[in-house]
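Throughout, read-outs are computed from the coordinates displayed, never taken from laboratory work. Small disclaimer: the values here were computed from a predicted structure and weren't measured. Because the Cβ atoms are built from the backbone with ideal geometry, glycine has one as well, and the counts that use them run over all protein chains shown.
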Amino acid sequence: MNFITPENATSAQVEAVVSAGMEAMANGEKNVSFLHWGSPEHKEHEKRMKIKQEEEDKMGKKENEEDDVVLCEECGEEPCVFSTHQELLSAYDEAEHGCLEGDDVPENNIR
């Protein structure tokens with residue numbers, strides 16, 4: 001399971017990502033990695049994921065996964081990172097951007 005800090009992340013954003021990763025490890029996840037968006041490691045991860053996806057598409061279904069497991073279309077994880085941490089992420093977003101209006105509110109991919 002990969003946890004990726006956003007580009008130009010604030011210390012609070014990095015802390016939220018690290019907290020989510022630590023929670024995953026506490027819940028028994030053995031393969032946790034932390035990547036910074038745009039880093040060489042992140043680019044390599046994206047490249048591997050693209051190759052893996054292409055191979056899986058050719059085979060018609062994902063290897064080593066049961067048919068009833070559905071990966072999130074946005075984050076590619078099961079369970080979805082957002083839905084798992086929705087309350088924490090929404091509270092953080094409200095605290096960080098709740099007082100902003102109109103053009104001052106950053107786009108979702110930046111938030």
### Message
Using each residue's phi in the stretch 78-85, evaluate 6.51 cos²θ - 1.76 cosθ + 1.60 at θ = phi - 60° and report the 3J(HN,Hα) Karplus result to the nearest Hz, with x for Gly and Pro.
### Response
9, x, 4, 4, 5, 5, 5, 10
### Message
With θ taken as phi - 60° and the coefficients 6.51, -1.76 and 1.60, list the Karplus ³J(HN,Hα) couplings across the stretch 38-45 in order, rounded to whole Hz; mark glycine and proline as x.
### Response
x, 5, x, 5, 5, 4, 5, 4
### Message
Using 0.36 nm times the number of residues separating A26 and K50, minus their current alpha carbon distance, what extension gain do you get?
### Response
5.8 nm
### Task
Just grab the label-to-label distance for C80 and D104, each label 7 Å out from Cα along the Cβ direction, in nm (one decimal).
3.0
